[in-house]
2 protein chains.
Amino acid sequence: MATIYDVAAQAGVSIKTVSRVMNAEPNVRAETRERVHAAAASLNYHPNLSARSLAGSKSYLIAAFVDAKLTIEHWRNERGTDYLARIQLGATMPCREAGYHFLVELVDHNTAPMRQEVSNLLAALKPDGVILTPPITDNDIVLELLRGAGTPYVRLGPEQPDGGGLRLRMDDRAAARGMTDHLVALGHRRIGFIEGEQRYGSSHSRRDGFLESMAAHGLKSACMFVGDYTYQSGIEGGREMLSGNARPTAIFASNDDMALGCMAAAGELGLEIPRDVSIAGFDDSTGSRFSRPQLTTLRQPIVEMAALAACALIAGEVRPDCDEDAHFDFPSFTLVPRLSTARPGKV
Amino acid sequence: MATIYDVAAQAGVSIKTVSRVMNAEPNVRAETRERVHAAAASLNYHPNLSARSLAGSKSYLIAAFVDAKLTIEHWRNERGTDYLARIQLGATMPCREAGYHFLVELVDHNTAPMRQEVSNLLAALKPDGVILTPPITDNDIVLELLRGAGTPYVRLGPEQPDGGGLRLRMDDRAAARGMTDHLVALGHRRIGFIEGEQRYGSSHSRRDGFLESMAAHGLKSACMFVGDYTYQSGIEGGREMLSGNARPTAIFASNDDMALGCMAAAGELGLEIPRDVSIAGFDDSTGSRFSRPQLTTLRQPIVEMAALAACALIAGEVRPDCDEDAHFDFPSFTLVPRLSTARPGKV
DNA sequence: CTGAAAGCGCTTACAG
DNA sequence: CTGAAAGCGCTTACAG
């Protein structure tokens, strides 16, 4: 394989000049530049990443650190949980265009070897930037190691504001408000709400958004149920809300899995959706697209956030020590109206 | 960050000895080895991948080359096509255990810049092994470049036997035979078959397997329909087969998308599945798990094949020039019986 | 606008 | 069982 020396010899210049041309640096005569390009092309020369990384300050690597257990579970389940696929889609494109490589690294969240694992990743790979996904995005040890290594990082969907890095998250509260507004606009007045796992900040934000919208419309919530983001808890919530007398005409579950469970509960009770009750979810999961009827839900801008993260990291806009003003509530959630919501009492 | 020199100094040995210990090479006294380990641990030393790669013959990188257009489409569609997720699951685990890193590279199949793109990938990354997925797995230019670079490669689901590399594929014919046997065992005699895109070898293998089983049971196929692996063609095939008089009691579509289309056609015609007609697919796609009723299908051992591929590559068992005897029909397909098939004329 | 020298952090090939 | 030397293919820092 051709090296920088071969190209330099063929073009009749020094390797430094070849380096300048390959990196599109200034201060090379147009004619020289062309000669180098021609030599590189004829020799089919491509710079070696390891050498560039070792000699220089860039590795041309962007890594995503994802929770090992969760990710493996999702891959195994094959229920089409496509969070990671969306991250890959968003991050891969800008990386490719900039000559970077994107790789996914599994991290054993909250286990003994995690510190070693992450240290090794950082020292071995020396990535130019790291994208963190929940729950790693809030892991103090990982954040500390990242800062220690001086590696810029972007935190996707963080719960805690401390910990540095560029923080990118959807405005859960505004999104929940938006969905509630949608239900009210359809004519619903008695609306039930199923909360998620209380340990997650998103649960509280979504509930607050719901309550804000209800209050803004002068409505009292029909009923609240505390679930835990699982299908099973959605069934339970649905049963409780729908078996009473003054049952809500609409239920907003704060994630799709619970909404799907809720639909199952409605089916058990002989209720038809959306004729007897409208049901809305949150996440735009794969399952929401396969349910019958298809589920009205909220889509997080995962692809867009991952793309922004990669771009910011590549551009070097993320200082590893940025602590203030690096929080960005991504406004662009998308309400995805499908067939599980309609006007109350209507087919 | 600590380097090999720091460790050597602290342990009172040469860097060569540190290198030996870090790579678990023989010929180091147990006591020396321990001293080095202690020094490495106390300095939180982790070898730099770029330096290892540049100096040595290994990059500790395994790459999967996947079709850019197809992959982006799957990521975008979010219908839960989890082929790539299964590859990642299978390949990531052995890589992780062996200290390798796995990365996915998009390749613009059959476009002008492809040659440059792949050359660059090979020269820049110098991966120790490459896993190819369809349709890249049969791309002559990619195969030629791989051989030229001396990079070992594994071809997943190849259609053409030439092209070298370790070839791993499911025995489509045996699998189709297995599914047909299943339908016959349930009591079906008039069985329809929907073929896939004729340009793909898998279409022919699956059809042949079906016909073999039918012949072995002394049955004539009720009808054949040539589809193209799309949902739409499944609808068309279903309509044609199910609207006639002597309609089949079971239809075997050679992939899940067509089987799902076929189910939709049955629904249009007022037929209930599996009471009026049994329907079977092929792939165990995400959609097959979300359909109602859930689809009986065949599962390809993608995870297992990817794992085997990664292991073989890491172990250096794949010689880049292996041409004979490197073809392996993976026998372990799995028949996944679900609710869309039953005894004929039975609920 | 161009180049000579040094060095990044390791492994290889060899010597003892 | 251990180490000194050379070199992998680039970029950095500097000189001109």
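Values quoted throughout were computed directly from the atomic coordinates according to the rules given, and no laboratory measurement underlies them. Values in this document were obtained by computation on a predicted structure and should not be read as measured data. Cβ: placed from backbone, ideal geometry, glycine included. Neighbour counts: every protein chain shown.
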Nearest-first distances (nm) between copies at B:Ala55, label 7 Å from Cα via Cβ: 1.8
From phi via Karplus (6.51, -1.76, 1.60), per-residue ³J(HN,Hα) for segment B:165-176 in Hz, x at Gly/Pro: x, 7, 9, 10, 8, 6, 7, 4, 5, 4, 5, 5
Relative contact order (%) - segment B:204-344, alpha-carbon pairs under 8 angstrom, separation at least six: 22 percent
For B:His101, distant residues with modelled amide H under 5 Å away: B:Leu61, B:Ile62
Trypsin sites (Lys or Arg not before Pro) lying in DSSP loop within segment B:189-254, provided at most 12 other Cβ fall within 10 Å: B:Arg199, B:Lys220
Net charge dipole size for the protein assembly as shown [Lys, Arg +1 and Asp, Glu -1 on Cβ; Debye, nearest 20]: 600 debye
Long-range Cα-Cα pairs in chain B (distance over 40 Å), rounded percent: 29 percent
Label geometry 7 Å along the beta-carbon vector: A:Lys16 inter-copy distances in nm: 3.4
Cα gyration tensor, the protein assembly as shown - rounded (a/c under 1.5), prolate or oblate: oblate
Ranking of B:Leu122, B:Leu183 by count of other Cβ atoms within 10 Å, fewest first: B:Leu122, B:Leu183
Charge dipole magnitude, Cβ of K and R +1, D and E -1 - chain A, Cα centre, debye nearest 20: 820 debye
Amide hydrogen neighbours beyond the local backbone of B:Asn255, cut-off 5 Å, H modeled: B:Phe282
Distances in nm from A:Gly244 to the matching label points in the other copies, shortest first (labels 7 Å along Cα to Cβ): 5.8
Backbone HN-Hα couplings from phi across segment A:245-257 [Karplus 6.51/-1.76/1.60, Hz, Gly and Pro as x]: 7, 7, 6, x, 8, 8, 10, 10, 9, 7, 8, 5, 4
Contour excess over end-to-end distance, with Cα ends at B:Lys58 and B:Ala185 and 0.36 nm allotted per residue: 40.5 nm
Estimated vicinal HN-Hα couplings, Hz - segment A:14-20 in sequence order (Karplus 6.51, -1.76, 1.60; Gly, Pro = x): 8, 5, 4, 5, 4, 4, 4
Nonlocal amide H pairs with A:His109, under 5 Å, H built at 1.01 Å: A:Ala68, A:Lys69
Across A:Lys16/B:Lys16; A:Lys16/A:Lys58; A:Lys126/B:Lys58, pairs whose alpha-carbon gap is larger than 25 Å: A:Lys16/B:Lys16
Linear extension gain, A:Asn23 paired with A:Leu335, 0.36 nm per residue minus alpha-carbon span: 108.0 nm
Rounded, prolate or oblate (a/c below 1.5 giving rounded, otherwise prolate when a/b exceeds b/c) for segment A:172-300 by Cα gyration tensor: rounded
